[in-house]
1. What shape does chain B take by its C-alpha gyration tensor, where a ≥ b ≥ c are the square roots of the eigenvalues and a/c under 1.5 counts as rounded, a/b above b/c as prolate, and the rest as oblate?
2. At a threshold of 8 angstrom on Cα-Cα distance, excluding pairs fewer than six apart, so keeping six or more, what relative contact order does chain B reach in percent?
3. Give me the percent of the accessible area of region B:2-78 that comes from carbon and sulfur atoms, probe 1.4 Å, all protein chains in place.
4. Skip the ligands, DNA and RNA, and give the accessible area per residue of region A:1-118 with a 1.4 Å probe, whole Å².
5. On the accessible surface of region A:247-308, probed at 1.4 Å, how many percent belong to carbon and sulfur atoms?
6. With a point put 7 Å past each Cα toward its Cβ, work out how far residue A:3 is from residue A:104 in nm, to one decimal.
7. Could you run the numbers on buried accessible area between A and B, total for both chains, 1.4 angstrom probe, in Å² to the nearest 100?
8. Which whole-angstrom value gives the distance between the alpha carbon centres of region A:36-106 and region A:136-152?
Amino acid sequence: MELLSGADMIARFLQDEGIEYIYGYPGGAALHIYDALFRQDKVKHILVRHEQAATHAADGYARASGKAGCVLVTSGPGATNAVTGIATAYMDSIPMVVLCGQVASHLIGEDAFQETDIVGVTRPIVKHSFSIRHPSEIPEVLKKAFYLASTGRPGPVVVDIPKDMTAPTERYEYVYPKKVKLRSYNPVTRGHTGQIKKAVEMMLKAKRPVFYTGGGVVTGKASEGLTDLVKQLGYPITTTLMGIGAYPQSDRQCLGWLGMHGSYESNMAMHHADLIIAIGARFDDRVTNNTSKFCPTAKIIHVDVDPSSISKTVRADVPIVGPASSVINEMISLVQGHNVAHPEALTEWWEKIDGWRADREGKLYEPSKPGEALKPQEVIEALCRVTRGEAYVTTDVGQHQMFAAQYYKFDKPNRLITSGGLGTMGFGFPAAMGIKQNYPDDDVVCVTGEGSFQMMMQELSTCKQYGVGVKIVNLNNASLGMVRQWQDLNYKSRHAHSYMESLPDFHMLIEAYGFTAITVNTLDELEPALERAFADKHELVFLDVKVDPFEHVYPMQVPLGAMRDMLLSKTERT
Amino acid sequence: MRHIISILLENEPGALSRVVGLFSQRNFNIETLNVAPTEDPSLSRLTVTTVGDDRVIEQITKHLNKLIDVVKLVDLTEGNHIERELMLVKVKALGAARDEVKRTVDIFRAQIVDVTPSLYTVQITGDAGKLDAFLQAMAPVGILEVARTGVSGIARGDKVLSL
Ligand SMILES: Cc1ncc(C[n+]2csc(CCOP(=O)(O)OP(=O)(O)O)c2C)c(N)n1
Ligand SMILES: [Mg+2]
């Protein structure tokens, strides 16, 4: 039997759970835990420069690896600084465990120094939370936390740890709990066979089907199955922003992604479909536009592991509660050996879709003319070429995010890492840092904007400390571009506080940390700069790319319209 | 439509706030809420009455079921059920009204549980409609204070909500 203090139990549990990196920032209430981490060397602690970055780094790692990320912060301001990152993970269903120091039990409720009710503060943005009430509970509670975070519909779990629970003087028996007992939590392991049969019958009879798949396919590790199923049926597929890469985008059946800034052909196909096969997607408002005009002629099959996602905003005709992977596998075995009922209708359907594609071909944006400012789209296309479409691409939030998602072609899941649900500026750089540390031999690039980057740029210091060789592509339009676009469209171009008048000299800023910065002004400088940036996998390089500040993201759905109602450029609309 | 949802909840600190928080977070409405321990010390029983169309009620039950602290849940209004609420009311009881109040209390099969020279404290149980009717009957006399427990309920017949 092994006797350990609460703090040592935490360190030991993390080892036994196979956690390699924990992202955090110390402070009074967490110091016993920090001391325990110091006295071991299996779990590596990464000292960020702001707790929000710790959560984004753990989140980035979780998205890329499919495993839970882990964060350690102190009470009060340490914990509240982590809140944005917890909300970001919650909105995108990312597995994460956040350990928060707390003031000692006898002080709770007294407004003690650095006391915050973090369980209360985070209640609406966590999958679940725990407060430790006795040191002996620690192994079991931590096991539950990791189990809850990473099963069913994943999400962040907060564990509040009063300082006296980790006191070095009190020791209790430690056993790593191999199993978890939770009487009220039994995530479904498979869908209802009768419903799946019904769905497959409808799928085989469809004349204008579209697969619409989301982040649930990525977090549910169902990409391979999905690809098989879609290829077998030969149907078109569109994904959500979060679902990008679950089906190879370079394949002809992939229409790109859908919704507010989705591709023309995706939104048109959705609008005209007679059957929508939604898997691991949640019909959110950035996808559906006006739900009362959404896909007027379609029946809807909806597969989701979370029953509360089904029929939340759009009524499903065939609801199937179950994990994407097992439902898809069952669908595959039911489809096998059967022919589609209306091959001639499907041929017509594809002709229509190819027509929509052809309509927009070569018209997506106007390339820059010699001597003019670069177009952000050109930068992403070049980035995709130079990295052969294989990099992990994280983004911040704004126009650059949409351009990255539109013009980089992803053939694998978990490669576009972006804050879709919460839309958190500041997410991209720390997320890239978390990924790069865990995948040191891969290219990891953060596509950012000068606005977003300034929200988390203190992490340059963390990258310096740990030698993290991420690449940063700053699409510098000297403005809060996405805000400005909305102001152009809805406020007669009154640019209220969307212009950044006092930008730093990014070149000097990056060099101050000892890194390489390259400024790019013209098209002919672009590819050589990118080649240079990606020459050494272990070097942090920052590209400050000056791009056209007047560019807009298109297509853009018209507010309150149907899927097919889109602005296609500054002068065209559907 | 009005629904009565009964929940077996882990008897843990913070569990109740998760349920209540869910309603405000998702803009669901709570009409009454009633919570107390059960014969099993690890469980509380919570009963909430809420109003919404089928879509809203479906969302409410799904989201409640998602809470880790919710062990079991039933929408009592889906079947035959018994609904009870207890109310304590202080009413003015002066002069002629004193007898009048007493008569009304008898008609409603309520009880007078405390008396002063100027008022009666009445205890009454029943479904929410009966309690409302009693308050309406007492209004002309003068209601001084009302304490209602909120609705509690249980299914009729052999159906049992347990682990
Ligand atoms: C933390 C946070 N604050 C505000 C916003 C609202 N917002 C969305 S996009 C945007 C502008 C982003 O500017 P920049 O990073 O330069 O990207 P650009 O659109 O110019 O490419 C803002 C302010 C947000 N998404 N996140
Ligand atoms: Mg910008």
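1. Details: a/c = 2.31, a/b = 2.21, b/c = 1.05.
Verdict is prolate for chain B.
2. Working: 296 pairs, mean separation 44.8, N = 163.
Reported as a whole number, the value is 28 percent.
3. Working: 1670 of 3340 Å².
Taking all protein chains in place, region B:2-78 shows 50 percent carbon and sulfur surface.
4. Working: 4160 Å² over 118 residues.
I get 35 Å² per residue for this part.
5. Working: 850 of 1780 Å².
Summing carbon and sulfur atoms, their accessible area is 48 percent of the total for region A:247-308.
6. Placing both labels 7 Å beyond Cα along the Cβ direction yields 2.1 nm.
7. On the way: alone 23320 and 9370 Å², together 30940 Å².
Buried area (both sides, nearest 100 Å²): 1700 Å².
8. The distance from the Cα centre of region A:36-106 to that of region A:136-152 comes to 15 Å.
The values are calculated or read from the model by the stated rules, or taken from the named source; none is laboratory data. Note that this is a predicted model, so its numbers are computed, not measured. Note: ideal-geometry Cβ built from the backbone for every residue, glycine included; neighbour counts use all protein chains shown. Protein only, heavy atoms only, side chains kept; ligands, DNA and RNA dropped before computing areas. Shrake-Rupley method; radii C 1.70, N 1.55, O 1.52, S 1.80 Å.
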